[in-house]
Each structure stands twice: as structure tokens, then as C-alpha cells.
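Chemist: Structure incoming, see below.
The values are calculated or read from the model by the stated rules, or taken from the named source; none is laboratory data. These numbers were taken from a predicted model, which means no experiment stands behind them. Cβ atoms come from the backbone with ideal geometry, glycine included; neighbour counts cover every protein chain shown. In case anyone asks, the SASA skips ligands and DNA or RNA and just uses the protein heavy atoms, side chains included. Shrake-Rupley method; radii C 1.70, N 1.55, O 1.52, S 1.80 Å.
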Amino acid sequence: HHLGAQRMRPYASYTLFLAEEMERQNRHDSADARRIHVLKSVDPESIGEQACKVLALTAANYSFPEASSLLELFNRRFPQSDDRPEVLLELAKITRSEHSDTRSRGFLEEIREEWPDSTAYPKACILLAGWLQDDGLPRAALNTITDLLDRGDLSPHTTAQAILHRAELLFLAGESEKGSLNCQRILHLYPAFHDIIESAKQLLEEQMNHEV
């Protein structure tokens, strides 16, 4: 049963505050159990922005059936929220899993256009480039990754990840020399990222075998 609207806000706020305290104590399962309890007990139309975001992201994290509608609800109720890019990112992933490819890409494009300074921006670009590639649009994927790398304010890991993806797309476009240069750049500049280094070596090896 949903709690009455009068009691809902303080109950949700207090329980979610307890969840945050548990999170700080590394009691992640207990924290999520509290959040899920709120999720099942309150009417999301009647709670505040922060609580709505937490519940929507928790539902997405656990693949609950109501995740999509909660993320959409947050999107509708709080269009100016600074948390909107994070919500759009999750909404894009869920929409993609429902095979709505154009719509899912649209959510990521919205992050790219409206929230270029958000922490979700690099994730959205890398995800979008992968989806464009999967959807048979490699040139658009390459443009997306190039735009991301042109910013120059990315973390080293995100930069290495983006360069690797650009190398793959360049090889697909038949620009093998540029692709090889990108792989070499990873090997020289980012030796600490073993997973990306291995992928770059494998990509170079595949390309060499392809050219033989």
C-alpha cells in the first residue's frame, strides 16, 4: 500500500537519508534494501527531486519493471535538474534494451547537445558511438568519438578508451594508417591500462592479418 501523501515526503526523505548513511559504512545491500522499500511504498509523483532520482536510478540498477516509467517521470517533473544527464543515460540504456534504437540514441544526443559539461557526457558519447557503429552508421560514430577527443578535458582512461574506439572505426573505414597510429598512441601513452593495451594489440594484429 502506498502511504498517504502527507506522510510520504518525510518517510521517503528519512529512509533515503538512512540509506545514504549505510552507503557511507559500505553497507551497500542494506542501503539498497531501504531504497527498494521506499520504491515499493510511495507514490513517486509526490516526492521531491532528490528522492525521485534515487528511486529511479535504484530501479534501473536492479532492472525493475517500473524503472523506465520512473526515469521518464523524473525527466518530465524536473527538466532543469543537474541530475538529468545521469537519468537520460539510464533511460537510453533501458530504451535500447527494448529495441527502440532511434529513441535511445536521441536521449544520448540530448546529453551531447544540452549537457556538454556533465560527467555523463563522455559516457554518452562513447555509448552513442558504439550504438551508431552497431546500427550501421560508422561515419557518424567516428564523428562522435572525434568530437569527444577534441574536447581535451577527459580523464586518461576515457581518452584511451575513446582512442581505441576511434582506431577501430578508422580500420573499418579503410584508413589503416590512421588506425595504426591511434593504436600506437595508446601503447606509448597509456601503458597502465592493461585491458585497453591488450585490445589495441589485438586490433593491430587483426589488421596486420587482414592486410597479409
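Chemist: Going through segment 176-186 one residue at a time, which ones are without any contact (Cβ under 8 Å) to a residue 24 or more places away in the chain and either closer than 12 Å to R139 by Cα or of a type in the set (S, T, N, Q) (or both)?
Modeler: N182, Q184
Chemist: Pick from segment 145-188 the residues that are under 23 Å from E113 (Cα atoms) and polar (S, T, N, Q): which of them is most open to solvent (accessible area, probe 1.4 Å)?
Modeler: Going through the qualifying residues, I end up with Q161.
Chemist: Could you tell me which of the residues R7, R35 is modelled with pLDDT under 85, surrounded by fewer than 15 Cβ atoms within 10 Å (Cβ to Cβ) and not aromatic (F, W, Y)?
Modeler: R7
Chemist: If you go through segment 125-144, how many residues are among the polar types (S, T, N, Q) and open to solvent by 30 Å² or more (accessible area, probe 1.4 Å)?
Modeler: Of the residues in segment 125-144, 2 are among the polar types (S, T, N, Q) and open to solvent by 30 Å² or more (accessible area, probe 1.4 Å).
Chemist: In segment 38-77, how many are at pLDDT below 75, aliphatic (A, V, I, L, M), part of a helix (DSSP H, G or I) and out of contact with any Ser or Thr (no Cβ under 8 Å at 6 or more places or on another chain)?
Modeler: Selection size over segment 38-77: 0.
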